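The values are calculated or read from the model by the stated rules, or taken from the named source; none is laboratory data. Keep in mind the model is a prediction, meaning the values are calculated, not measured. Here Cβ is always computed from backbone atoms with ideal geometry, including for glycine, and neighbour counts include all displayed protein chains.
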């Protein structure tokens, strides 16, 4: 059975495209489907931010073909796990449904890592060093997620 994972940030151009690409690189597409979305519709149809594309490429991950989309109510039914990059987006997602089954699917991404940081900071208004920091935080969390999913697939 395929596990369906959705990564969500604000605009779907910086953090969630990185999270999508990183998790895809750590799992088999046969067992895991990964997508990303934004809670705001600012960039629908656009590619990820060029700085996200560059940092992913530095680590051998190509996210240049991704296109931004907005999170919608149907995503609750389509995905098994929905990871928010920060508390603001976490609460924006939860505000779209009051069904317990939906709410239980939503988690903060960094709750899966061993980082003391709870939220993935938005690197959009900063320099390339912020994208590097964000990549490392997301990578660590995705490593833990991949281990969990891969363990569940073999048991």
Is it fair to say residue 12 is in contact (Cβ under 8 Å) with a residue 12 or more places away in the chain, buried (at least 23 other Cβ atoms within 10 Å of the Cβ), at positive phi and in contact with a strand residue (DSSP E or B) (Cβ under 6 Å, 6 or more places away or on another chain)? yes
Of all residues in the range 17-27, count the ones that are within 13 Å of residue 141 (Cβ to Cβ), in contact with a helix residue (DSSP H, G or I) (Cβ under 9 Å, 6 or more places away or on another chain) and surrounded by 24 or more Cβ atoms within 10 Å (Cβ to Cβ). 4
Limited to the range 21-46, what total is found for residues that are in a loop (DSSP other than H, G, I, E, B) and closer than 23 Å to residue 90 by Cα? 8
For residue 30, state whether it is within 26 Å of residue 148 (Cβ to Cβ), at pLDDT below 95 and either surrounded by 16 or more Cβ atoms within 10 Å (Cβ to Cβ) or in contact with a strand residue (DSSP E or B) (Cβ under 6 Å, 6 or more places away or on another chain) (or both). no
Residue pairs qualifying under the 6 Å Cβ cut-off, at least six apart or on distinct chains, with the first in the range 54-81 being at pLDDT 95 or above and the second being part of a strand (DSSP E or B) and buried (at least 18 other Cβ atoms within 10 Å of the Cβ), are 69/37; 70/38; 71/8; 71/37; 75/6; 79/6; 80/3; 81/5
For the range 111-123, which residues satisfy the criterion of being under 23 Å from residue 39 (Cβ atoms) and either at pLDDT below 95 or touching a strand residue (DSSP E or B) at 6+ places or on another chain (Cβ under 9 Å) (or both)? 111, 112, 113, 115, 117, 118, 119, 120, 122
